[in-house]
Amino acid sequence: MPMTIMTAPQALCQALTRSLDANGIVMVEATEFNNGSFDNCAVDTIFHSMCDFYCENVGPNTVTLTVVDVNGNSSTCTAT
């Protein structure tokens with residue numbers, strides 16, 4: 001019988017401050033919010049809830065980072 005790993009990865013976030021470009025846009029990558037997320041086996045995917053910010057987003061914004069391991073377990077953290 002195959003063994004199933006039920007331990008979720010550890011999602012670790014960090015805050016990020018970025019400035020809008022001349023067009024009033026900034027794009028951010030999930031890796032910029034990631035602060036060393038890890039898993040006891042291997043991380044498969046890391047993604048975030050918001051990647052494009054515009055003039056109407058000026059100020060604090062909460063972004064959720066989701067970490068998924070190779071067994072399909074996931075965890076989240078938030079950064080502002």
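Values as computed for the structure displayed
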| quantity | calculated |
| --- | --- |
| Total formal charge among the other residues, if their Cβ is under 15 angstrom from that of LEU12, Lys/Arg +1 and Asp/Glu -1 | -3 |
| Apportionment of accessible area to carbon and sulfur, the chain, percent (1.4 Å) | 53 percent |
| Value of D in µm² per second that Stokes-Einstein yields for segment 12-54, Kirkwood Rh from Cα pairs, at 37 °C (0.692 mPa s) | 277 µm²/s |
| Structure-based [θ]222 nm, the chain - -39500 (n - 2.57) summed over DSSP H runs of at least 4, per residue, nearest 500 | -500 deg cm²/dmol |
| Relative packing of peptides 56-65, 17-26, 69-78 - highest average C-beta neighbours within 10 Å first | 69-78, 56-65, 17-26 |
| Mean Cα-pair separation over length for the chain, i.e. relative contact order, pairs under 8 Å, 6 or more apart, % | 39 percent |
| 15 Å beta-carbon shell around PHE33, net charge (K/R +1, D/E -1) | -2 |
| Orphan Cys of the chain, criterion: no other Cys C-beta under 4.7 Å | CYS41, CYS51, CYS55 |
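The values are calculated or read from the model by the stated rules, or taken from the named source; none is laboratory data. If you're wondering where the values come from, they're calculated on a predicted model, not measured in any experiment. With ideal geometry, Cβ positions are generated from the backbone for all residues, glycine too; neighbour counts draw on all protein chains shown. Just the protein is used for accessible areas: all its heavy atoms, side chains included, with ligands, DNA and RNA removed. Shrake-Rupley method; radii C 1.70, N 1.55, O 1.52, S 1.80 Å.
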